[in-house]
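Participant: My questions will all concern the structure given below.
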There are 2 protein chains.
Amino acid sequence: MSNADTTAYARLKDRFARIATIHEASAMLGWDASAMMPPGGGAARGEQLAVLAGVAHGMLVAPEVAEDLAAARAEGAWDEANLALMRRAHLRATALPPALVEATARANSACEKVWREARPRADFAAVRPWLEEVVSLQRETAAALGAATGLSPYDALMDTYQPGIGVADVEPIFAAYEAFLADALPRAEAIQASRTVPVEPQGPFPVEVQRALGRRLSERAGLDYEHARLDESAHPFCGGTPTDVRITTRYTADSFGQAMLGILHETGHALYERGLPEAYARQPVGEAAGMAAHESQSLIIEMQASRSDAFLSWLGPELHAAFGGDPAAYSGANLGRLWRKVERGFIRVEADEITYPAHVILRFRLERALIGGELRVAELPGAWAEGMQRLLGITPPDDRRGCMQDIHWHDGAFGYFPSYTLGAMAAAQLMQAARAALPGLDEALGQGDFAPLVNWLRVSVHNRGSLLGFQDLMKAATGRPLDPSAFMEHLGARYLS
Amino acid sequence: MSNADTTAYARLKDRFARIATIHEASAMLGWDASAMMPPGGGAARGEQLAVLAGVAHGMLVAPEVAEDLAAARAEGAWDEANLALMRRAHLRATALPPALVEATARANSACEKVWREARPRADFAAVRPWLEEVVSLQRETAAALGAATGLSPYDALMDTYQPGIGVADVEPIFAAYEAFLADALPRAEAIQASRTVPVEPQGPFPVEVQRALGRRLSERAGLDYEHARLDESAHPFCGGTPTDVRITTRYTADSFGQAMLGILHETGHALYERGLPEAYARQPVGEAAGMAAHESQSLIIEMQASRSDAFLSWLGPELHAAFGGDPAAYSGANLGRLWRKVERGFIRVEADEITYPAHVILRFRLERALIGGELRVAELPGAWAEGMQRLLGITPPDDRRGCMQDIHWHDGAFGYFPSYTLGAMAAAQLMQAARAALPGLDEALGQGDFAPLVNWLRVSVHNRGSLLGFQDLMKAATGRPLDPSAFMEHLGARYLS
């Protein structure tokens, strides 16, 4: 290896660290905008984020980066992977003409604004021309990214959110799930109908009590508040940086389930960030392995561990001690009936574990057709209704509960939706592997102890950063690439027996 | 004017707006670090701020800036002032070799760290070598800035914090005040000794009640929470940006005075930021006119308005309604005796209005001698004790209550201290002018109404940004440059009659 090569790589590491540091600043400002900022700060915040994005982009596409990337050589698996990810980031950043990037940012922002107004009225006609512009620019983006990377246009968009995963991975998985669903959903409904009706805990559930309990639960799940905060925002999320993660939830005194499970969900994301490899902090290889990988970490905590019989049997008495009332409402079995209720509904974010993938499959097919040009925006409401009917046997009464329900498309995020279900499936597969590796796992959860699971995740997933692609990560952690069988087995055990 | 000239100025405006936007991001991150950040986020935050500072500095000293500044011409008072301030910023930024800037940042940070450890032990010997390094680098900085600007070295440092103000302005003012103090302080003490002893309100004073009341007081003073937040931090401050100001205070259930008056102080700063000229937002001429000007705005709200007889007569019943207890403790007269108590003390931040300037005069003389090379760091404790004895007739028992009490020097801030007293004097002079212009001013304050005062400040000070230098701003607002007479008259009326 020549000296120039290692020098070039060292320069790149330094540059990518500075770029990542600017992204950290943006992440903190984004958290603040959602959790703290007074409304009047919005315009200035938009400018701040735009200027930082411009600075970071400029540092990534500067001419000397191409020269250094051409010359650089790295040694060892981590640095080789890091250099490859640098090349990927540079390739994708330079693939898009600045005018397209700007037009996209403007169109997304304008469409999202119109959508916020039009959604409550279910007024698809109002948002349609704006969404058409968004889709048109996404098609250009997809084509440009595809040309640069050798992927198909829609795969190039998917690759933005979960590198290394495309239609060829997703389509057979979704087809298998659709077949499973047609059989499993009516059976789960029948079993549920035959069971005891769950007892609703009676409120009010003071927000202060929920806040303290939520923090305690996240601490039990392994979140260290020397490096974290828990706050409130309209839309719960996990933000911040690996040494300073910021999770949010929202509370209502009428119920506690959404807030507590939401906190556990965001804690899963936060633990992933906290567990990323410190030695490669602020390097591409030190980042999380993609959105499906990230969602697997929130869902393994929220869906797999926190809704397990073992954990609910521990959680029930804790909740009863906090809120009082009828102890029967807080038995583990009752909480299971409450929080694992199956119901065909129109709204993705309210969906249960079994029907959620149907919402994702519908969106995957529609957005793929939109990007491919086989579906026009004007045809979206009809195609949506048809798809919901086929997948879940229900038809939304209006577009508010149909194709206007999600922010994603209206904000220009195409290719993101599959990550939710890939994450749910990966979570089940990881949980299966963790159970096999750790015979005492459920016993620990039955004592409110997440440590065995989280320690296993830290080694198997978190500490690996982006060293491995998604499928190789799944292989390393579970012995095989992602397949839907563990998820179906999980659903079978939870809902069909 | 040639087209090239206006184009150059337009390019500069765009560049300075982007630089200011990065400074806004840093300001929000600085606020977060003090008010929100978990301790474990500190290291990453330091990196984020350093990278943003480096980016902003790089944008300011880029070669094309010098070219554009040489070519640029601006039309009209505001743009001419703006261009002059751009030249000033560029001149100061390019005057310092990068190696000196880096060494200074490192030395300041290291010294501050040692000081935090050594101060509780009053261990000057421990901090001395670090402070010597800080002073040595400050002397280099002062020399370089002085050479570039034509100012004396210490004037060049003062100019950093309050542009346009130097030793020639400050020395006669401070000499006059020292003479005033020698006569006024014993008289004020004698009058105070002859008066009724104030009644201490009895706590506890619930923090929740203080928080709500503090917010209400700041709203009465004109702060609009569509564009502001009130939070808590160890050291109260006003941060954020003009459309999103963030003020902090700290509460203790044992007392409420410090928190309430602290909130009113920071509200004065916040109102200044909120009132800066929107048309020149993110331009040098749209910024506040310096630290003395800023302090005048916090002190006119806290010291002039909020501790006036008129306002205290309104505030007393409000406090009593909030906290209950003996009504006699909440009469306006009693609050005046409590909050305008004169006492010779060792600690600047606890000092009253009369003795505070003595603390500043001492520091001004010592730091000037340190920068001038007439005083060595090793001689500081002795010179401090001597100065305190001459100015206030007291000698600190140790260096913790002497030359180690302030962060400023240990963090490399030389030339800042005079701003506090210049601000107090400017506040009195502005209040005198406001009273002359607004005959109903005290009547309004007697109804808890700050609007006449704040509206006058908005037009006379806030909306002017940095259009005028400090002395011209004082002339425009009060008819004459800063002089200490209004402050002495104010003290005379409040403490000597």
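The values are calculated or read from the model by the stated rules, or taken from the named source; none is laboratory data. These numbers were taken from a predicted model, which means no experiment stands behind them. Because the Cβ atoms are built from the backbone with ideal geometry, glycine has one as well, and the counts that use them run over all protein chains shown. SASA here: full protein model, heavy atoms, side chains in, ligands and nucleic acids out. Shrake-Rupley method; radii C 1.70, N 1.55, O 1.52, S 1.80 Å.
Participant: In region A:131-228, which trypsin sites (Lys or Arg not before Pro) are in a loop and have at most 15 other Cβ atoms within 10 Å, using DSSP for the loop call?
Facilitator: Answer in residue order: A:Arg195.
Participant: Within chain A, what is the longest stretch that has no GluC sites (Glu not before Pro) placed in a DSSP loop and near at most 16 other beta-carbon atoms within 10 Å?
Facilitator: Formally, the longest exposed-site-free interval is A:76-225.
Participant: In debye, nearest 20: dipole of region A:191-319 around its Cα centre with unit charges on the Cβ of K, R (+) and D, E (-)?
Facilitator: Once rounded to the nearest 20, the dipole reads 120 debye.
Participant: If you take the beta carbon distance between B:Gln447 and A:Ala234 as r and set R0 to 45 Å, what does 1/(1 + (r/R0)^6) give as a FRET efficiency, to the nearest 0.05?
Facilitator: It comes to 0.70.
Participant: Looking at region A:162-497, what % of its DSSP beta bridges pair antiparallel, to the nearest 5?
Facilitator: Beta bridges within region A:162-497, antiparallel portion: roughly 50 percent.
Participant: Mind running the shape call on region B:171-257? Use the C-alpha gyration tensor, a ≥ b ≥ c as the square roots of the eigenvalues: rounded below 1.5 for a/c, prolate if a/b tops b/c, oblate otherwise.
Facilitator: Since a/c reaches 1.5 but b/c is at least a/b, the shape of region B:171-257 is classed as oblate.
Participant: Explain nothing, just compute: Karplus ³J(HN,Hα) = 6.51 cos²θ - 1.76 cosθ + 1.60, θ = phi - 60°, for every residue of region A:247-252 in order, whole Hz, x for Gly and Pro.
Facilitator: My calculation for region A:247-252 gives 10, 10, 8, 9, 10, 9 Hz in order.
Participant: Please work out the C-alpha center-to-center distance from region B:449-497 to region A:442-497 and express it in whole Å.
Facilitator: A separation of 67 Å, based on Cα centres.
Participant: In terms of modelled amide H atoms, which long-range or inter-chain residues lie less than 5 Å from the amide H of B:Asp231?
Facilitator: HN-HN under 5 Å from B:Asp231: B:Ile247, B:Thr248, B:Thr249.
Participant: What's the average, rounded to a whole number, of partner chain beta-carbon atoms within 10 Å of each residue's beta-carbon in B:29-37?
Facilitator: 4
Participant: Out of all DSSP beta bridges in the protein assembly as shown, what portion is antiparallel? Express it as a percent rounded to 5.
Facilitator: Once the DSSP bridges in the protein assembly as shown are tallied, antiparallel ones form about 50 percent.
Participant: Same structure, new question: Can you show me the helix-derived [θ] at 222 nm for the protein assembly as shown, built from DSSP H runs with n ≥ 4 at -39,500 (n - 2.57) apiece and divided by the number of residues, rounded to the nearest 500.
Facilitator: -21000 deg cm²/dmol
Participant: Let's see if you can work this out: charge +1 on each Lys and Arg Cβ, -1 on each Asp and Glu Cβ, no other charges. What is the dipole magnitude of region A:195-249 about its Cα centre, in debye to the nearest 20?
Facilitator: Roughly 200 debye, rounded to the nearest 20.
Participant: Relative contact order of region B:1-69, please, whole-number percent, based on alpha carbon pairs below 8 angstrom and at least 6 residues apart.
Facilitator: Computed value for region B:1-69: 54 percent relative contact order.
Participant: Measure off 7 Å from each Cα along the Cα-to-Cβ vector at B:Asp14 and A:Val167, then give the distance between these two points in nanometres to one decimal.
Facilitator: 4.0
Participant: If you take the accessible area of A alone plus B alone and subtract the pair, what total do you get in square angstrom, rounded to 100, with a 1.4 Å probe?
Facilitator: 2500
Participant: Nm distances between the label at A:Asp411 and the same-position labels in the remaining copies, 7 Å along Cα→Cβ, shortest first?
Facilitator: Copy-to-copy label distances at A:Asp411, shortest first: 3.6 nm.
Participant: Residues of A:41-54, mean number of Cβ from any other protein chain within 10 Å of their own Cβ, rounded to a whole number?
Facilitator: 5
Participant: Counting only C-alpha contacts under 8 Å and six or more residues apart, can you give the relative contact order of chain B as a whole percent?
Facilitator: Value for chain B: 20 percent.
Participant: Could you work out, residue by residue across B:234-242, how many beta carbons of other chains sit within 10 Å of that residue's beta carbon, and then give the average as an integer?
Facilitator: 1
Participant: Please report how far the C-alpha centroid of region A:241-289 lies from that of region B:315-343, rounded to the nearest whole angstrom.
Facilitator: Here the answer is 47 Å between Cα centres.
Participant: What ranking do A:329-335, A:246-252 get when scored by the average of other Cβ atoms within 10 Å per residue, highest first?
Facilitator: Highest-to-lowest ranking by the protection proxy: A:246-252, A:329-335.
Participant: Now, a different point. Before I look further, what does chain A give for accessible area per residue, probe 1.4 Å, in whole square angstrom?
Facilitator: Here the residues of chain A average 40 Å² of exposed surface.
Participant: In whole percent, and with a 1.4 Å probe on the protein chains, what portion of the accessible area of the protein assembly as shown is carbon and sulfur?
Facilitator: Result for the protein assembly as shown: 54 percent of the exposed heavy-atom area is carbon or sulfur.
Participant: Quick one: check the C-alpha center-to-center distance for region A:174-225 versus region B:99-154, whole angstrom.
Facilitator: What the calculation gives is 58 Å, centre to centre.
Participant: What size of dipole, in debye to the nearest 20, comes out for region B:1-95 about its Cα centre when the only charges are +1 on Lys and Arg C-beta atoms and -1 on Asp and Glu C-beta atoms?
Facilitator: The dipole of region B:1-95 has a size of about 180 debye.
Participant: List the residues whose amide H sits under 5 Å from the amide H of A:Ser255, counting only those 5 or more places along or on another chain, with H placed 1.01 Å from N in the peptide plane.
Facilitator: Counting only residues 5 or more places away or on other chains, the set is A:Phe205.
Participant: Still on this structure, please answer the following. Run the quick spin-label model on B:Ala148 and B:Glu80: label points 7 Å from Cα toward the beta carbon, then report their separation in nm to one decimal.
Facilitator: 2.5
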